[in-house]
Each structure stands twice: as structure tokens, then as C-alpha cells.
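So the structure is just underneath, and the comments pick up after that.
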Amino acid sequence: MTETFEPQILAYCCKFCAYAAADLAGSMRLSYPGNIKVIQIPCTGRVDAIHLMKALEDGADGVYVAGCLEGECHFLTGNLRAKKRVNYVKDIISKIGLEPERVEMFNLSSAMGPRFAEIAAEMTERVKKLGPSPVGMKRQIRAAL
Ligand code: FES
């Protein structure tokens, strides 16, 4: 029997948009993969590069940040700062041999419940194609020894 890979993906979601969109997706009874673990944050501007790197180090196969639409951040530029940090982390991980596609930034509004579900499915499919993160696998091997 072959084991199917089910990725673990962490999503940092701004409470004003993506988290509310996740709620809406639930109210609309939209289904999306259960691989996504949502973490509510006050604004994506609070997400630092270390949070993304630590998620990968701790075994996540993918991680993304979902914030308000550009120009609509409640703290003005939080989502723009998050975008820069996501791009910075993409750059760093690609230099150490990890696929930058494992990290992503999305922008959506609280009314975009279907888009939230779409993003969750998109990231799950993307990470499934990439396969398990070698960082997480190394960690599992170390723990088993
Ligand atoms: Fe939503 Fe800043 S308040 S990203």
C-alpha cells in the first residue's frame, strides 16, 4: 500500500480579512483541504521572517501569509511589509536549496470566502507536488534516532 502525502501547511491570517474570509467560507459551507492550520493575527505586518522560517524548521511543508488587499490594511502598510518579508524568506530558502514556492503571500478581503477556500486548495496542491519538506523529514529522522 502506498502512503499518500498530506502536507502540513501553516497560514498566518489577518483577522480583518483572511480570517474573516475563512469564517465566511465556513458559513457558506465551502470545503477546503484540512491540511491548512490557520493562525489568526492582528495584521500581517506582525509576521516576521523568523515566524515563517521557524514554521518550516518545525516541520511545516508550506507556509503562507494572507492579508488585506493592498491599500486596505487597517495599519496602512502591514501587508506591504509582510509581502517584503515573504519575498525575503523565499530568497533565503532558495539559497539553501528549499523550494521558494513553499512560502507565499496572498491578499484578499473579508468578503472573499470562496477565494480563501481556493487559496487553501491551491497551496495544498502546490505543496503536494513539491513533496514533503526535506527540513521536516530531517527533523523526523533525528527524532526517531
Ligand atoms: Fe489586514 Fe494589515 S490589517 S493585513
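Given segment 1-119, what helices (runs of 4 or more DSSP H) lie entirely inside it while holding 1 or more residues that are within 16 Å of the ligand (Cβ to nearest atom) and farther than 21 Å from Gln140 by Cα?
Numbers: elements: 18-27, 49-57, 78-95.
Output list reads 18-27, 78-95.
Considering only segment 126-145, state which residues are exposed (fewer than 12 other Cβ atoms within 10 Å of the Cβ) and either touching an Asp or Glu at 6+ places or on another chain (Cβ under 6 Å) or modelled with pLDDT of 95 or more (or both).
The one that is exposed (fewer than 12 other Cβ atoms within 10 Å of the Cβ) and either touching an Asp or Glu at 6+ places or on another chain (Cβ under 6 Å) or modelled with pLDDT of 95 or more (or both): Lys129.
Within segment 99-117, track down each residue that is of a type outside the set (Gly, Ala, Ser), open to solvent by 10 Å² or more (accessible area, probe 1.4 Å) and either closer than 21 Å to Thr4 by Cα or in contact (Cβ under 8 Å) with a residue 40 or more places away in the chain (or both).
Within segment 99-117, Glu99, Glu101, Glu104, Met105, Phe106, Asn107, Met112, Pro114, Arg115 meet the criteria.
Please list, ordered by first then second residue, the pairs with beta carbon atoms under 6 Å, 6 or more apart or interchain, first in segment 30-44 and within 17 Å of Ala20 (Cβ to Cβ) and open to solvent by less than 50 Å² (accessible area, probe 1.4 Å), second in a loop (DSSP other than H, G, I, E, B) and within 16 Å of the ligand (Cβ to nearest atom).
These pairs meet every condition: Cys43/Phe75.
Out of everything in segment 53-90 that is among the acidic types (Asp, Glu) and under 20 Å from Lys128 (Cβ atoms), what residue ends up being least open to solvent (accessible area, probe 1.4 Å)?
Filtering segment 53-90 for residues that are among the acidic types (Asp, Glu) and under 20 Å from Lys128 (Cβ atoms), the one least open to solvent (accessible area, probe 1.4 Å) comes out as Asp61.
Please verify whether Ala11 is within 21 Å of Ala111 (Cα to Cα), small (Gly, Ala, Ser), surrounded by 22 or more Cβ atoms within 10 Å (Cβ to Cβ) and out of contact with any strand residue (DSSP E or B) (no Cβ under 7 Å at 6 or more places or on another chain), treating the condition exactly as stated.
no
Looking at the structure I just gave you, is Ile50 within 17 Å of Arg102 (Cβ to Cβ), without any contact (Cβ under 8 Å) to a residue 24 or more places away in the chain, surrounded by fewer than 16 Cβ atoms within 10 Å (Cβ to Cβ) and hydrophobic (A, V, I, L, M, F, W, C)?
In short, yes.
The values are calculated or read from the model by the stated rules, or taken from the named source; none is laboratory data. Quick caveat: nothing in here was measured; it's all calculated off a predicted structure. Using ideal geometry, Cβ is built from the backbone for each residue, glycine included, and neighbour counts are taken over all protein chains shown. Surface areas here come from the heavy atoms of the whole protein model, side chains and all, with no ligands, DNA or RNA. Shrake-Rupley method; radii C 1.70, N 1.55, O 1.52, S 1.80 Å.
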